[in-house]
1. Excluding ligands and nucleic acids, what accessible area in Å² is computed for D4 using a 1.4 Å probe, to the nearest 10?
2. Of the listed pairs K220/K354; K11/K203; K155/K187; K180/K214; K11/K314; K30/K287, which have alpha-carbon separations greater than 20 Å here?
3. Restricting to DSSP H runs of at least four residues, report the calculated mean residue ellipticity at 222 nm for the chain, -39500 (n - 2.57) per run over all residues, nearest 500 deg cm²/dmol.
4. So what is the relative contact order of the chain, in percent, for Cα pairs below 8 Å that sit 6 or more residues apart?
5. Which of the peptides 125-133, 256-264 is most tightly packed, and how do the rest follow, going by the mean number of other Cβ atoms within 10 Å of each residue?
6. Please give the helix 84-95 orientation as an angle from the longest Cα principal axis of the chain, in degrees from 0 to 90, rounded to the nearest 10.
7. Could you rank V185, V91, V237, V51 by how accessible they are, 1.4 Å probe, largest area first?
8. Could you give the semi-axes, largest first, of the ellipsoid that matches the chain, computed as the square roots of 5 times the alpha carbon gyration tensor eigenvalues and rounded to whole Å?
Amino acid sequence: MGKDTIKLTRKIQLVIDLPTYEERKEAIGKLYQWQNRCYRVANLMVSHLYVQEMIKDFFYLSDEIKYKLADEKKDEYGIFNTSRINTTYQVTSKRFKGEMPTNIISCLKASLYSKFKKNREAYWKGECSLQNFRRDMAFPFTTEGMSKLIYDPEKKAFCFRLFQIPVKTYLGKDFTDKRKLLERVAKGEIKLCTSHIKMKADKTYWLAVFEIEKEKYKLKPNVIAEASLSLEYPIVVKTTNAKLQIGSREEFLYRRLAIQAALKRAQKGASYCKSGKGRKRKTKATKKFREKETNYVYSKLHLYSRKLIDFCIKHQAGTLILINQQEKVNLAKEESFVFRNWSYCDLMTKIKYKAEKAGIELIID
């Protein structure tokens, strides 16, 4: 039996809620400092975990050397003076004491140790390399790092304190479920999980993770919907009594190729553009069309996956099967045109997420 809850991540812009420019600048500087320390802490933790795991392979050490990865108080052959999961916390908290909240270090410790355990065998076999973290990575925090979320009618925004820094949300013309989710958190109906703060292009974003109950529909597990994904027709789905074609070649592929053609024309003309601010000014048009294609595909895939799940709910299909999908994926990898223009991975991810939310079992054939 699966869980009755599901976690949703929503990207919400935050604004520093301080009166003067100097105070806001100082607060933003603090956030950038935490982000910088976070990437350094993450790389340091992963390095220590790797050395600990591979110490058994240091065959040139003396036989008298203890090498059991355990607390020396609990095991006579243990080489640690604390538990293994706490070793990385001790190293990083001493090195970066006072430079960042310990709540962030604790979150990194738990998440990185969990990921390391999953890939431990692959590291040992040399099949993959250690994860490398960049300077602009998002830093995590738990609800202990923020005060209670409330709605302020005067500011027309949801406000809270992030490690004593007052912030408020900026939702703009929100046509999604962000406002409703925040309202439910403020009322105590749903809870927040470990979230992240992302600093990008002089803006602060809150990657909020909400834990909500799955939507409950009257679905029948014995009713099966079979769906086929392809570049010609994005989705064709059928049950015993009904069939639906979602999207078409003209709607999806031709429009995407038209945007790509416009991008190529912009790239050819970029060398003749006015270079007011160097490369950024010249490539302004090309950046616009790249974003346009990304947004177009993102929007269409959400629409197609939503229509597919709505079809299953309407016909009470408790099981959804993607027919011959793995075979099509292997063929797509051999054809550069199909591989470039058929976003099957993103579409499958969105279908999986929406199916889980609706309580539909997804089977990929």
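1. Solvent-accessible area, nearest 10 Å²: 120 Å².
2. Violating the 20 Å Cα-Cα cut-off are K11/K314; K30/K287.
3. -15000 deg cm²/dmol
4. Reported as a whole number, the value is 17 percent.
5. Result, highest mean first: 256-264, 125-133.
6. Tilt of helix 84-95: around 80 degrees.
7. V51, V91, V185, V237
8. Rounded to whole Å, the semi-axes are 39, 31, 26.
The values are calculated or read from the model by the stated rules, or taken from the named source; none is laboratory data. Computed from a predicted model, the values in this text were never measured in an experiment. Neighbour counts are summed over all protein chains in view; Cβ atoms, including those assigned to glycine, are modelled from backbone coordinates with ideal geometry. Side chains included, ligands, DNA and RNA excluded: accessible areas come from the protein's heavy atoms. Shrake-Rupley method; radii C 1.70, N 1.55, O 1.52, S 1.80 Å.
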